[in-house]
Amino acid sequence: MRYLLALILTLSLAAAQETTRVRDVIYQKRDGFALTLDVFTPAKPNGAAIIKIISGGWNSNHNGIGDGGWTKSGYTTFVVVHGSQPRFHIDEIVTDVQRAVRFVRANAAQYGIDPNKIGVTGSSAGGHLSLMLGVKGDAGNPKATDPIDRVSSSVNVVACYYPPADFISWITENDGLNGVGPLATRKPAFGPKIDTPEGMAAMGKALSPINFISKAQPPIYIVQGDNDVLVHFTQALRFQKKSAEAGATCEVLIREGAGHGGWKEMGEDNARMVEWTDLHLLGKQPAKPFNNSVSKLPSTTPAKK
């Protein structure tokens, strides 16, 4: 009997230390589609939230959804799946992830989080959407019929990997309008609005986070490889430089020789992103201070496309 009681106690303690997961929470319905997120709640929540955007090439699905390790640091993590291109275009996808932020904030009490402590993370297209949330958050529409749409879509911190930041000038000035970068290589993601030169310029500008930088944006941390053939490393550096000029907090880590993900130091980079988020949401100082200075160009020769 004593052994049985000890076993029950051990199992109960183990269960109490596990992260719980709620799958397929609907945050929006439109055009006959239900858009969902999964909620990962840590055993010991710190009261803050991370929105993790699942997106690659502005495609999103439910395969292999995980919390990215954020719950180990106490973050209640909302893993967001958005409508995918080409059925949905990037401008619509931006509204999807804005809606996800509104949903999380509107239900903050239910999930035990502070509505003013919401961060966002993502990689590649997910990084682009993270930046868009950072620079294009709004206060909500007070006249909206749906109460969730009355809530702010602003986030309080951003930490992301290799995000597209400027579709107009992908590597050199205005090359995005002349066959270089996603406006040419991922045309279906932008939709028919870019079929004319005027439409391409307008959409490229409207969906480039670099055009909406302001002093009011949240602290932003970007990790980028200088050998990335999909997203040129100068995207991150130009975003950082313009942020610094605006008086905003932005730091970029350039991984020399790294491509579009998969480098050996990514575990360290994930931990550093947690430290960035801890600092700006919880006031927890990192062991190694962030410098918030404009990164210098790497010494290696970058890949180009």
Under the rule a/c < 1.5 gives rounded, and otherwise a/b versus b/c splits prolate from oblate, where does region 72-151 land using the Cα gyration tensor? oblate
Roughly how tilted is helix 2-16, in degrees to the nearest 10 and between 0 and 90, from the longest Cα axis of the chain? 20 degrees
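Report, as a whole number in µm² per second, the diffusion coefficient that Stokes-Einstein gives for the chain at 10 °C and 1.306 mPa s using the Kirkwood radius over alpha carbon pairs.
Values: Rh = 20.0 Å.
After rounding, the answer is 79 µm²/s.
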Write down the Kirkwood hydrodynamic radius of region 19-175, to one decimal in angstroms, obtained as one divided by the mean of 1/r over all alpha carbon pairs. 15.7 Å
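How would you classify region 236-286 from its alpha-carbon gyration tensor, with a ≥ b ≥ c the square roots of the eigenvalues: rounded for a/c under 1.5, else prolate if a/b is greater than b/c, otherwise oblate? Mind showing how you got there, number by number?
Numbers: a/c = 3.44, a/b = 1.12, b/c = 3.08.
Since a/c reaches 1.5 but b/c is at least a/b, the shape of region 236-286 is classed as oblate.
Just check region 195-245 against the gyration tensor rule for me: Cα atoms, a ≥ b ≥ c as the square roots of the eigenvalues, rounded for a/c under 1.5, and otherwise prolate or oblate depending on whether a/b exceeds b/c. Kindly include the intermediate steps, with their values, before the conclusion.
Working: a/c = 2.88, a/b = 1.26, b/c = 2.28.
Judged from the Cα gyration tensor, region 195-245 comes out oblate (a/c at least 1.5, b/c at or above a/b).
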Find the lysine pairs in region 111-228 meeting two conditions, Cα atoms under 16 Å apart and a separation of 8 or more places or different chains, and report how many there are. 4
To the nearest Å, what is the center-to-center distance of region 171-249 and region 119-151, using C-alpha atoms only? 18 Å
Highest average packing first - 93-103, 109-119, Cβ atoms within 10 Å: 93-103, 109-119
CD proxy at 222 nm, helix term only [per DSSP H run n ≥ 4: -39500 (n - 2.57); per residue of the chain; nearest 500]: -9000 deg cm²/dmol
The chain, Gaussian network, Cα under 10 Å: of Lys215, Lys143, Lys44, the residue fluctuating most is Lys143
Give the residues of region 32-49 whose amide nitrogen is closer than 15 Å to a point set 7 Å from the Cα of Thr145 in the direction of its Cβ. 32
When Rg is the radius of gyration of the Cα atoms in region 129-223 and Rh is its Kirkwood radius, what does Rg/Rh come to? 1.03
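Rule-based calculations on the coordinates, nothing more; no lab input. None of the values given here were measured: they were computed from a predicted structure. Cβ coordinates were reconstructed from backbone atoms using ideal geometry, including for glycine residues, and neighbour counts include every protein chain displayed.
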